[in-house]
Amino acid sequence: MDDKTPARRRTGDLTSGPIPRTLLLFALPVLGSNVLQSLNGSINAVWVGRFLGEAALTATSNANLVLFLILGTVFGIGMAATILVAQSVGARELPEARRIVGTSATFFFLVSVVFAVCGWIWVDAILNTLGTPADALPLARSYLRIIFVAVPMMNLLSFVMTVLRGAGIWI
């Protein structure tokens, strides 16, 4: 069976076939997660604003700015890992791919811990920098601390998705 057969395409080979279709299929998980994240923010804004009031809406909006900054940083780092894993898998250098995954996992774990601990400690400084109104500060502090506690698990999910994409497995 050569690399051009349909059976080969179904395995997730990104090195053959039409380029626009391949790029679209590769980008769909990222685009989908961005759409879902935006939809989540919009639904939260409607629900929180309607049922919990302006202070709660301000609190979640300010905390979500920090969350998007963290996710953007992790996404950028994840793309580097994706590229390196994809190069190694494409070159059929599986020991190198394993080494990259191990190094990236360690780095993601350390970054997650730093984000979570520093965010927890400096939550007030972050919110003051964002200009959070005084009436929303207690709610924003609580919400942002929950986000910082969740950062390691969010980063783990991001890491697993990027490594799988780099290996040619789409989920």
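Annotations
- For the chain, the longest principal axis of the C-alpha atoms and the axis of helix 94-121 are separated by about 0°.
- Residue-normalised accessible area of the range 106-146, expressed per residue, 1.4 Å probe, Å²: 61 Å²
- Mean-position separation - Cα centroids, the range 130-171 and the range 26-41, in angstrom: 14 Å
- Computed on the Cα trace of the range 111-154, the radius of gyration divided by the Kirkwood hydrodynamic radius gives Rg/Rh = 1.00.
- Rg ratio for the range 13-70: its Cα radius of gyration over 2.2 N^0.38 Å, N being its residue count, equals 1.68.
- For the range 52-138, the extents of the C-alpha atoms along the principal axes are 57, 21, 20 Å, listed from largest to smallest.
- Mean separation of Cα pairs under 8 Å and 6 or more residues apart, divided by the residue count, gives the chain a relative contact order of 33 percent.
- Each of the chymotrypsin sites (Phe, Trp or Tyr not before Pro) that DSSP puts in a loop and that has at most 14 other Cβ atoms within 10 Å breaks the chain; the longest unbroken stretch is 1-121.
- Value of D in µm² per second that Stokes-Einstein yields for the range 22-171, Kirkwood Rh from Cα pairs, at 4 °C (1.567 mPa s): 77 µm²/s
- Portion, in percent, of the accessible area of the range 15-87 that falls on carbon or sulfur, probe 1.4 Å: 73 percent
- Computed from Cα positions, the angle between helix 19-51 and the longest principal axis of the chain comes to roughly 20 degrees.
- When trypsin sites (Lys or Arg not before Pro) are flagged only if DSSP places them in a loop and at most 16 other Cβ atoms lie within 10 Å, the longest unflagged stretch of the chain comes out as 11-91.
- Helix-derived mean residue ellipticity, 222 nm - over the chain, DSSP H n ≥ 4, -39500 (n - 2.57), to 500: -28500 deg cm²/dmol
- Sorting 23, 67, 57, 28 by accessible area puts them as 23, 28, 57, 67; the probe is 1.4 Å, largest comes first, and only protein heavy atoms count.
- Accessible surface, 1.4 Å probe, highest first, among residues 25, 156: 156, 25
The values are calculated or read from the model by the stated rules, or taken from the named source; none is laboratory data. Here the structure is a predicted model, which is why all the values come from computation and not from measurement. In this analysis, Cβ positions are derived from the backbone assuming ideal geometry, glycine residues included, and neighbour counts consider all displayed protein chains. These accessible areas exclude ligands, DNA and RNA; they are computed on the full protein's heavy atoms, side chains included. Shrake-Rupley method; radii C 1.70, N 1.55, O 1.52, S 1.80 Å.
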